[in-house]
Ligand SMILES: Cc1ncc(COP(=O)(O)O)c(C=O)c1O
């Protein structure tokens with residue numbers, strides 16, 4: 001069996017680091033100096049290496065461009081108080097990557113390739129990890145079909161790439177979201193639980209239309225009845241209803257978010273009762289009318305916790321109070337931050353530490 005204990009690094013002779021204004025980081029705009037590249041051929045992953053970030057030479061016939069075999073992850077690394085770097089929940093992201101790959105008939109990425117490759121990449125580009133609170137190094141692992149062939153078929157060849165990007169806060173203000181009752185992101189039995197490229201392309205039109213109507217995001221509903229909330233744009237969604245944290249229980253149409261999972265665990269630590277269950281539009285409308293719905297927020301790697309100010313249900317805007325320092329979402333956001341930077345004990349072993357000499 002191939003092992004990936006030591007990954008060769010070809011360093012760039014021209015770092016772009018000094019061109020970056022770390023006080024003005026737009027999400028995903030800057031990509032760090034290096035990337036990991038590995039190829040899958042003849043049933044195996046071969047020769048991973050870290051090379052200067054740059055263009056790839058590819059045939060326009062590669063199967064991923066035509067038939068959508070492309071899967072990715074989104075993760076973050078944080079500068080810790082002691083100068084080391086923590087990569088958040090590397091094993092859970094690896095597990096989800098492989099679930100997505102399996103759904104798309106793509107080969108799994110071995111655990112040691114993922115972990116050793118990512119560790120070596122972050123070590124190489126450690127100066128790209130921002131130091132200010134609310135900023136981090138976004139990590140984008142990507143696998144795509146690279147066999148050049150026009151017939152509809154499962155590819156025999158793939159590329160695994162990891163890129164990184166220094167990022168600041170994602171949303172600057174609380175969100176206005178619209179319950180989507182016409183379009184569908186994913187149906188049960190489909191690919192909604194997988195982080196595959198096509199799920200995002202299909203979401204663009206409804207999201208763009210919602211933006212034109214003055215909303216930041218849509219709240220996706222189930223494909224059968226448009227009655228149950230699935231998730232929010234590129235985040236899972238959570239509510240505090242009647243003093244309890246509730247979130248839609250996972251189905252094959254919902255992405256199993258790592259932030260969602262972490263917040264569920266921390267709700268137990270913070271002593272807030274929690275329930276994963278179906279959440280209907282009527283539950284929300286009744287919660288607003290009775291005053292029992294006190295918080296709503298998106299949970300995802302990019303935004304971490306994104307407060308929701310307004311939910312539009314059947315064309316009517318319902319407002320939520322501003323989430324103050326004692327709100328659950330602010331408390332849990334702070335706790336996550338503290339764990340990641342090493343200011344609080346990492347009781348659940350979520351940090352993968354990259355030691356910086
Ligand atoms: C569709 C979708 N749902 C939920 C999430 C949140 O998942 P995570 O917390 O793992 O980033 C994301 C972001 O990755 C997403 O793209």
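Observations on the model:
- Considering the range 193-218, the residues that are within 13 Å of the ligand (Cβ to nearest atom) and more than 20 Å from residue 237 (Cα to Cα) include one that is surrounded by the fewest Cβ atoms within 10 Å (Cβ to Cβ), namely 201.
- Residues located in the range 308-346, provided they are within 16 Å of the ligand (Cβ to nearest atom) and in the same structural domain as residue 279 (by TED's automatic domain parsing): 308
- Take the conditions (1) touching a helix residue (DSSP H, G or I) at 6+ places or on another chain (Cβ under 9 Å); (2) in contact (Cβ under 8 Å) with a residue 40 or more places away in the chain; (3) surrounded by fewer than 15 Cβ atoms within 10 Å (Cβ to Cβ); residue 111 misses just one of them, which is (2).
- Of everything in the range 49-59 that is touching a residue at least 24 places away in the same chain (Cβ under 8 Å) and surrounded by fewer than 22 Cβ atoms within 10 Å (Cβ to Cβ), the residue that is nearest to the chain's Cα centre (by Cα) is 53.
- Residue 77 being in contact with a strand residue (DSSP E or B) (Cβ under 7 Å, 6 or more places away or on another chain) and either within 16 Å of the ligand (Cβ to nearest atom) or outside any helix (DSSP H, G or I) (or both): yes
- Residues of the range 219-237 classified as within 11 Å of the ligand (Cβ to nearest atom) and not in a loop (DSSP other than H, G, I, E, B), total: 7
- Residue within the range 169-191 that is within 13 Å of the ligand (Cβ to nearest atom), surrounded by fewer than 23 Cβ atoms within 10 Å (Cβ to Cβ) and closer than 28 Å to residue 291 by Cα present: no
The values are calculated or read from the model by the stated rules, or taken from the named source; none is laboratory data. Everything numeric here is computed off the predicted structure, so don't read it as measured data. Cβ sites come from the backbone with ideal geometry, for glycine too, and all protein chains shown count toward neighbours.
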